[in-house]
Amino acid sequence: MFALDGTQLLCVNKSSLIKILEDQVTVEVGEDLADAVQLDIASSVIVNTSKNLKVVVLDGMAEVQSMKKSSSVNTCSDLANEFNRKLEYILSRYDETHLVFDTYRENSLKSLMRKKRTGKTQPVQFKINDSTYIGNTSMKLLLSHTKTKDELTAYLSEKAVQYAIERNKCLFVSWRETAKCSRAYSIDELKSNHEEADTKIILHSIFASRRGATQLHIYSPDTDVFVLALWWSKFFPLDTMFVTGIGQNQRMINLKNITNSLGEKKTSALLGLHALSGSDTTGALSKKAKVSFWKAFKKADEQILEAISKLGSAVSFLHDERLLIEKFVCQVYVPGTNIKNVEDLRWWMFTKKETQEENLPPTRASLKPYVDRVRYQTIEWCRADQPFPNLPSPLNFGWELKENSSHYVPIMCLLPCAPETLLQLIRCSCVKRKCAPPCKCYSHNLKCTELCVCGGDEELCENLNEHTNPEDLEEDMDDDKNFF
């Protein structure tokens with residue numbers, strides 16, 4: 001579940017789940033509805049009636065990131081004008097438009113994942129105001145720093161509301177813990193402390209549904225939003241579409257068709273499945289993509305489906321439910337296996353299949369904190385309808401605070417990877433430099449012993465414990481003989 005540098009593995013090809021779920025639809029769409037969908041994509045004007053309330057919810061940052069900054073954009077004011085011109089097309093098609101932005105926090109659970117995605121690109125912070133010059137700045141660089149994105153979302157939100165007021169359009173916008181509307185509507189329900197636009201989109205969609213939306217379109221390229229929309233679709237109008245893709249590749253997905261095909265039990269387990277099979281917060285299991293999890297999910301019995309559904313239903317999680325999740329993970333690695341314990345499965349795969357270590361399932365001691373992180377993410381998703389959800393502490397769900405820091409880091413394993421004395425038996429072959437880097441022991445955060453070429457001699461080595469006597473090592477090994 002972790003790369004060599006200690007960071008969580010990225011969930012690759014996450015969007016494949018959208019295609020998988022689309023393919024589950026067994027209800028044939030009539031020609032009339034299909035024609036209506038195509039007409040809706042092409043249309044730029046709607047006809048308002050007292051019986052029709054057409055609403056769209058947009059992922060704000062996705063809209064910003066999809067912009068191609070023209071040569072005429074030299075300042076932030078120019079960028080806002082271009083963004084509003086893009087927004088005008090949407091405003092003209094719907095009775096109500098909801099624009100939703102992420103909230104950017106320094107101690108986010110996604111901080112390390114975001115940093116890993118940027119790679120070696122050094123973030124640059126910009127001060128956002130009308131006159132800030134960005135003429136020679138790419139959108140990628142402009143959005144490279146968290147504080148810049150925070151300021152930019154606030155700036156564009158205010159500009160968008162003003163733009164809608166001037167054109168007498170109905171626009172709801174939320175960013176940080178703030179919400180505004182271009183009209184004098186009550187919007188207290190839209191003020192929230194949600195970090196992710198993903199859950200804010202659900203909050204806005206439920207708000208619009210309660211206000212009488214008869215048609216709801218959710219625009220987003222994000223798989224998380226798609227799965228969330230499916231799970232929450234029972235609170236949305238019958239005519240609810242998820243819109244994804246750009247230009248000619250844009251397509252509209254009918255959420256009700258998918259949930260009807262899946263059935264209640266599988267739909268109820270979707271959020272838990274999505275988190276368990278890999279997300280930005282939880283990371284992912286090595287060599288196991290969404291497809292592998294889906295194949296096991298389709299064949300899962302009712303007990304397993306119920307256990308996956310309960311991943312986000314309550315703070316408490318029973319031991320029996322953990323065992324069912326472990327059984328499901330075994331099915332992901334070896335379809336149809338009767339083995340229910342990951343430790344037994346690891347041994348079987350190693351001895352019978354000669355499976356390489358990165359292809360083995362996680363140990364129990366590493367699976368437990370992973371499942372806890374999955375539970376935390378699922379609990380957060382299941383409370384998307386609450387503006388200020390009472391979430392548990394991440395410290396009780398597979399995370400710990402970095403020493404002398406406010407940043408959360410995932411717990412890799414509840415046990416050492418091997419007995420301490422076994423780790424100490426790694427020996428270096430240093431002759432000079434007194435075991436300074438690149439000493440093998442030093443590089444593995446281990447101290448030299450008398451088994452090393454340096455002999456653990458204080459005159460030859462500066463990488464020593466207080467004692468490195470072989471007799472002490474033998475005593476320690478006796479203490480650790482029952483480690484496994």
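The values are calculated or read from the model by the stated rules, or taken from the named source; none is laboratory data. The structure displayed is predicted, hence computed values, not measured ones. Here the Cβ is made from the backbone with ideal geometry for all residues, glycine too, and neighbour counts use every protein chain on show. All accessible areas refer to the heavy atoms of the entire protein, side chains included, with ligands and DNA or RNA removed. Shrake-Rupley method; radii C 1.70, N 1.55, O 1.52, S 1.80 Å.
Before moving on, here are some points about what is shown:
- Violating pairs (Cα-Cα greater than 18 angstrom) within the set Lys19/Lys310; Lys19/Lys298; Lys19/Lys340; Lys110/Lys147: Lys19/Lys310; Lys19/Lys340
- For the stretch 183-294, the relative contact order works out to 18 percent when only alpha carbon pairs closer than 8 Å and six or more residues apart are counted.
- With the simple spin-label model, which puts each label point 7 Å out from Cα in the Cβ direction, the Ala365 to Gln122 separation comes to 4.1 nm.
- Computed E for Asn249/Ser131 - FRET, C-beta separation, R0 41 angstrom, nearest 0.05: 0.65
- From the coordinates shown, P(r) over Cα pairs in 10 Å bins from 0, in percent corresponds to which of [x] 4, 13, 16, 15, 13, 11, 9, 7, 5, 4, 3, 1, 1, 0, 0; [y] 4, 19, 29, 26, 17, 5, 1; [z] 4, 17, 24, 23, 16, 9, 5, 2, 0: [z]
- Relative contact order (%) - criterion: Cα under 8 Å, at least six apart; region: the chain: 14 percent
- Over the stretch 191-298, the Kirkwood radius and the radius of gyration, each from Cα atoms, give a ratio Rg/Rh of 0.97.
- Heavy atoms of the protein chains alone define the surface here; on that basis the chain has 51 Å² accessible area per residue at 1.4 Å probe size.
- Among the helices of the chain, those built from whole DSSP H runs whose Cα atoms reach 20 Å or more along their own axis and whose mean Kyte-Doolittle hydropathy is at least -0.5 are 76-91, 319-333.
- Share of carbon and sulfur in the accessible heavy-atom surface of the chain [1.4 Å probe, %]: 49 percent
- Pairwise FRET efficiency - Lys86 versus Lys191, Cβ, R0 = 35 Å, nearest 0.05: 0.85
- Taken as Cα centroids, the stretch 248-297 and the stretch 174-191 sit 31 Å apart, rounded to the nearest whole angstrom.
- Cross-link reach list, lysines versus Lys447, counting only Cα pairs under 22 Å and skipping chain neighbours closer than eight places: Lys432, Lys434, Lys481
- Entries of Lys287/Lys353; Lys180/Lys234; Lys159/Lys191; Lys288/Lys440; Lys169/Lys234; Lys295/Lys353 with Cα pairs more than 25 Å apart: Lys180/Lys234; Lys288/Lys440; Lys169/Lys234
- Antiparallel bridge percentage (DSSP; both residues within the chain; nearest 5): 45 percent
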